[in-house]
Amino acid sequence: MTAAPDSPLATLWCPAPNRDPRRNGRAPDLLLLHYTGMDSADAALDWLTREDSKVSCHYLVDEDGNITQMVREGERAWHAGQSLWAGETDINSCAIGIEIHNPGHDIDYHDFPEAQMRAVEALCRDILTRHTIRPDRVLAHSDVAPGRKRDPGEKFDWAQLARAGIGLWVTPAPVGGDAGLGPGDEGEAVTKLQQDLAAYGYGVEITSTYGRGLENVVEAFQRHFRPERVDGRADASTRDTLARLLAASQAAAVA
Ligand SMILES: [Zn+2]
């Protein structure tokens, strides 16, 4: 076992060939969480360190909580793909990526074991001691690539992470019986929803029409912030949770 170059928590250093310099010397200021979506953590480690995969990541956390580092934090790893957050498209240049092993929605999506969650928590905290990353920039892959990615998904315990001081979280408003806004709807309420999502950082166009793109973004928002029901419909609970989250992020930005 060779100690990794950045995190003392990583017990294995397994360099990945797919990496390059962060564009314009960008300092990392976003933490992006993924699930591997593969059968095993070993298969994921093999894939993430193979040149022909064209992907890589900074860290991999297996289900027992073992942490492997593959790319130095100062370098650009290839995990975000086509993505967008707060107007920025080269997410790999500003992000540190953590792959959390879970077979995912297509294979066998299950709860993240406690030992794994504790390791993710410790690793995030460790990374935050080296880099200035605002709570609202601790994100899911699905947040920056809605419609294309679902990881780490609605079973990931963002509330637990927030209690450990990582990421921004507000208690979701209770799910009610209202249908809310959905595909095909138009008007001021849709405009307001689009404005709020865009203000938080999501890639949303202000069109006043509830199209497929907005449905995908609402679904991504729910997976992260209102996981009880992920259906792409902006019910009162979703909109209320978003409004309070936005207020919390703006308050944090001013503080
Ligand atoms: Zn991912």
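The values are calculated or read from the model by the stated rules, or taken from the named source; none is laboratory data. Everything numeric in this text was worked out from a predicted model, so none of it was measured. So basically every Cβ, Gly included, is an ideal-geometry build from the backbone, and we count neighbours across all protein chains shown. When the accessible area is computed, the model is the full protein with side chains, heavy atoms only, and any ligands, DNA or RNA have been set aside. Shrake-Rupley method; radii C 1.70, N 1.55, O 1.52, S 1.80 Å.
Output the residues belonging to segment 192-208 that are touching a Leu at 6+ places or on another chain (Cβ under 9 Å) and not in a helix (DSSP H, G or I).
Kept after step one, since they are touching a Leu at 6+ places or on another chain (Cβ under 9 Å), are these residues of segment 192-208: 193-194, 196-197, 199-205, 207.
Those that are touching a Leu at 6+ places or on another chain (Cβ under 9 Å) and not in a helix (DSSP H, G or I): 201, 202, 203, 204, 205, 207.
Could you list, in sequence order, the residues of segment 215-254 that are touching a helix residue (DSSP H, G or I) at 6+ places or on another chain (Cβ under 8 Å), assigned to a helix (DSSP H, G or I) and open to solvent by less than 10 Å² (accessible area, probe 1.4 Å)?
Answer for segment 215-254, where residues must be touching a helix residue (DSSP H, G or I) at 6+ places or on another chain (Cβ under 8 Å), assigned to a helix (DSSP H, G or I) and open to solvent by less than 10 Å² (accessible area, probe 1.4 Å): 217, 218, 220, 221, 222, 224, 225, 238, 241, 242, 245.
Please work out if residue 77 is touching a residue at least 60 places away in the same chain (Cβ under 8 Å), in contact with a Gly (Cβ under 6 Å, 6 or more places away or on another chain) and more than 16 Å from the ligand (Cβ to nearest atom). Spell out how you get there, then give the answer.
Working: touching a residue at least 60 places away in the same chain (Cβ under 8 Å): yes; in contact with a Gly (Cβ under 6 Å, 6 or more places away or on another chain): yes; more than 16 Å from the ligand (Cβ to nearest atom): no.
The answer is no for residue 77.
Taking segment 42-74 only, how many residues are surrounded by fewer than 23 Cβ atoms within 10 Å (Cβ to Cβ), within 16 Å of the ligand (Cβ to nearest atom) and either small (Gly, Ala, Ser) or modelled with pLDDT under 95 (or both)?
2
Per-residue answers, yes or no, for (1) acidic (Asp, Glu); (2) under 20 Å from residue 221 (Cβ atoms):
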{"position": "99", "(1), (2)": "yes, no"}
{"position": "107", "(1), (2)": "no, no"}
{"position": "110", "(1), (2)": "no, no"}
{"position": "114", "(1), (2)": "yes, no"}
{"position": "122", "(1), (2)": "no, no"}
{"position": "128", "(1), (2)": "no, no"}
{"position": "134", "(1), (2)": "no, yes"}
{"position": "138", "(1), (2)": "no, yes"}
{"position": "144", "(1), (2)": "no, yes"}
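For the condition in contact with a His (Cβ under 7 Å, 6 or more places away or on another chain) and touching a residue at least 24 places away in the same chain (Cβ under 8 Å), what is the one hit in 41, 10, 16, 86?
Working: 10 fails: in contact with a His (Cβ under 7 Å, 6 or more places away or on another chain); 16 fails: in contact with a His (Cβ under 7 Å, 6 or more places away or on another chain); 86 fails: in contact with a His (Cβ under 7 Å, 6 or more places away or on another chain).
After ruling out the rest, the residue left standing is 41.
Condition (residue is part of a helix (DSSP H, G or I), open to solvent by 30 Å² or more (accessible area, probe 1.4 Å) and within 21 Å of residue 246 (Cα to Cα)) applied to segment 132-149: is it met by at least one residue?
First, the residues of segment 132-149 that are part of a helix (DSSP H, G or I): 135-137, 141-144.
Next, from what is left, pick out any that are open to solvent by 30 Å² or more (accessible area, probe 1.4 Å): 135.
Of the ones still in play, those that are also within 21 Å of residue 246 (Cα to Cα) are 135.
Within segment 132-149, one or more residues are part of a helix (DSSP H, G or I), open to solvent by 30 Å² or more (accessible area, probe 1.4 Å) and within 21 Å of residue 246 (Cα to Cα).
What are the residue pairs meeting all of these: first residue in segment 222-237, first residue over 18 Å from residue 194 (Cβ atoms) and touching a residue at least 40 places away in the same chain (Cβ under 8 Å), second residue open to solvent by less than 10 Å² (accessible area, probe 1.4 Å) and of a type in the set (Ser, Thr, Tyr), Cβ atoms under 6 Å, and 6 or more apart or on different chains?
223/142
Among what's in segment 150-198 and is open to solvent by less than 10 Å² (accessible area, probe 1.4 Å) and among the β-branched types (Val, Ile, Thr), pick the residue that is nearest to the ligand (Cβ to nearest atom).
166
Out of segment 87-104, which residues are touching a Lys or Arg at 6+ places or on another chain (Cβ under 8 Å) and more than 13 Å from the ligand (Cβ to nearest atom)?
Correct list: 90, 93, 94.
From 173, 189, grab the single residue that is assigned to a loop (DSSP other than H, G, I, E, B) and either more than 18 Å from residue 97 (Cβ to Cβ) or free of Cβ contacts under 8 Å to residues at least 60 places away in the same chain (or both).
Numbers: 189 fails: assigned to a loop (DSSP other than H, G, I, E, B).
Residue meeting the stated conditions: 173.
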